[in-house]
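Student: This is the structure I have questions about; it appears just below.
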Amino acid sequence: MQPTSKTPLPAYPATAKATYALWLVLLAAAGTFALTMGVRQTMGLYLSSVNTSTGLGVANISLAFAFGQLWWGLTQPFAGAIADRVGTARVLIAGMVLIAIGTVITPLMTTTWGLILAIGVLAAGGAGMAGPSVLMAASTRMVPAARRGMATGIVNAGGSFGQFALAPVAMGLTASLGWAASMQWMGVLVLLALPAAWILKGNSNAIAAAAASASGVAVLSARQALARAVATPSYGLLAAGFMVCGFHIAFLATHLPGVIESCGMPPAIAGWALALIGLFNIVGSLAMGWAVGRWRMKSLLSLLYAARGLAVLAFVLAPKTPAVVLVFAAVMGVTFLSTVPPTAGLVAKMFGPANMAMLFGVLMLAHQIGGFFGAFLGGQVFQATGSYDWVWYVDIALAAGAALIHLPIREARPARLAAV
């Protein structure tokens, strides 16, 4: 029955309505991230098959994956700035469609430039548009300030769950349909997130403008906000640390299957290793979302990077057996994307929710510059030496540097912004 002026609407307590709305937003954002990140992070499972099919060599195919890492980051500041102004929904829809197109046409590409177009431009660009900068900003905008830490942790855990759930799906599809059809079906799966775009519609600047109208304080433009962020030393340190994070993640996502294959283990171990990284990152993301509201975020980031370095060092020294690989994957999973909630939290704490998507998108660009080198150097070093050892050594050194570089960060809001 349609409600009329005489038909009373159901009376729900205000707290129940707020709780329902909160969880609907988090489900939409986490579900979208699960599909986009899950499809993107399982692409490494197809690297060997693409190489066999095209004969292009691991180094050339790694270049396409590396370009995808860079392009995924490059799209995020622009996607974030557009979402801040014209709305989240339009950006998310465009991103999902591009992921689907790029993933579906990848098996049809037979040249390095074709793979760069499909994997590196279309699929990666779409994943950037429907990626963490836009999703984290939408969540930050739509939930109370006291719950933002846990909200970003839940959204981040969604991406990890996608990796955990879709890695076995990709393996099963490959076993039953072949790698080409498997990759194409993975692209189609992303479109299941389209309804979430309607729930996450809206933009940060409209809300900021309404608040400004009430307070009489002008809203910073994107250019002004970026200029103030770049002039803030803590923002630069945060970007440098996030670049190291990108190196770690891209190297593991792209080359961990190759590391396992070079040790003489079956491909199934690679699939389960990627799945375990996703599963345990759910735990790490939720724990980090909880911890963000209780401890200094810069200290949490230093702890995460130090833990990564120690885990990689232990893996390098340990005998390479399936059990060691799976334990290593689980440990790395706890820290894999757990850097996102405190990093996003620091951006929101220093600069506020207005222009959040754009400012966090710039950090994601730094993250993906590191990701480019992680994916690219992995292939180059392996092709030149027949081993990934030197990449692991660089990884350990970078983790130690990132652990130290976060300590000088000031969490207090910059004085100039506080005054504004």
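The values are calculated or read from the model by the stated rules, or taken from the named source; none is laboratory data. Predicted model, so just to flag it, every value in this text is computed and none were measured. We place every Cβ from the backbone using ideal geometry, glycine too, and count neighbours over all the protein chains shown. Please note that ligands, DNA and RNA were not included when accessible areas were found on the heavy atoms of the full protein model with its side chains. Shrake-Rupley method; radii C 1.70, N 1.55, O 1.52, S 1.80 Å.
Student: Has the stretch 402-418 got any residue that is of a type in the set (G, A, S) and surrounded by 15 or more Cβ atoms within 10 Å (Cβ to Cβ)?
Tutor: Within the stretch 402-418, one or more residues are of a type in the set (G, A, S) and surrounded by 15 or more Cβ atoms within 10 Å (Cβ to Cβ).
Student: Then there is this: What pairs can you find where one residue is in the stretch 166-180 and without any contact (Cβ under 8 Å) to a residue 12 or more places away in the chain and assigned to a helix (DSSP H, G or I), the other is aromatic (F, W, Y) and open to solvent by 30 Å² or more (accessible area, probe 1.4 Å), and their Cβ atoms are less than 8 Å apart, with a gap of 6+ or different chains?
Tutor: Correct list of pairs: L177/W185.
Student: Quick check: is even one residue across the stretch 257-266 within 30 Å of S387 (Cα to Cα), among the charged types (D, E, K, R), in contact (Cβ under 8 Å) with a residue 24 or more places away in the chain and crowded, with 22+ Cβ neighbours inside 10 Å?
Tutor: Looking for residues that are within 30 Å of S387 (Cα to Cα), among the charged types (D, E, K, R), in contact (Cβ under 8 Å) with a residue 24 or more places away in the chain and crowded, with 22+ Cβ neighbours inside 10 Å, one finds none in the stretch 257-266, hence no.
For (1) open to solvent by 40 Å² or more (accessible area, probe 1.4 Å); (2) free of Cβ contacts under 8 Å to residues at least 60 places away in the same chain, each residue gets a yes or a no:
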position	(1), (2)
L24	yes, no
A29	no, no
F33	no, no
T36	no, no
S48	yes, no
T52	yes, yes
S62	no, no
G73	no, no
M96	no, no
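Student: Okay, next question. Give the residues of the stretch 374-388 that are in contact with a Phe, Trp or Tyr (Cβ under 6 Å, 6 or more places away or on another chain) and open to solvent by 10 Å² or more (accessible area, probe 1.4 Å), sorted by residue number.
Tutor: Those that are in contact with a Phe, Trp or Tyr (Cβ under 6 Å, 6 or more places away or on another chain) and open to solvent by 10 Å² or more (accessible area, probe 1.4 Å): V381, F382, Y388.
Student: I've got another one for you. Of L22, L56, L63, which residue is assigned to a helix (DSSP H, G or I) and modelled with pLDDT of 80 or more?
Tutor: When all the criteria are applied, what remains is L63.
Student: Please indicate, with yes or no, whether at least one residue in the stretch 119-135 is surrounded by fewer than 22 Cβ atoms within 10 Å (Cβ to Cβ), at negative phi and in a helix (DSSP H, G or I).
Tutor: Looking for residues that are surrounded by fewer than 22 Cβ atoms within 10 Å (Cβ to Cβ), at negative phi and in a helix (DSSP H, G or I), one finds at least one in the stretch 119-135, hence yes.
Student: I need every pair where a residue in the stretch 213-236 that is under 26 Å from L301 (Cβ atoms) and in a helix (DSSP H, G or I) has its Cβ under 6 Å from the Cβ of a residue that is open to solvent by 70 Å² or more (accessible area, probe 1.4 Å) and at pLDDT 75 or above, sequence separation at least 6 or different chains.
Tutor: Pairs that qualify, where the first residue is under 26 Å from L301 (Cβ atoms) and in a helix (DSSP H, G or I) and the partner is open to solvent by 70 Å² or more (accessible area, probe 1.4 Å) and at pLDDT 75 or above, are S234/R410.
Student: Another question, then. Could you look through the stretch 76-89, keep only residues that are of a type in the set (V, I, T) and open to solvent by 20 Å² or more (accessible area, probe 1.4 Å), and pick out the one that is farthest from M109 (Cα to Cα)?
Tutor: The extreme case among them is V86.
Student: Still on this model: Which numbered condition trips up F280, out of (1) surrounded by fewer than 22 Cβ atoms within 10 Å (Cβ to Cβ); (2) of a type outside the set (A, V, I, L, M); (3) at pLDDT below 85?
Tutor: All conditions are met except number (3).
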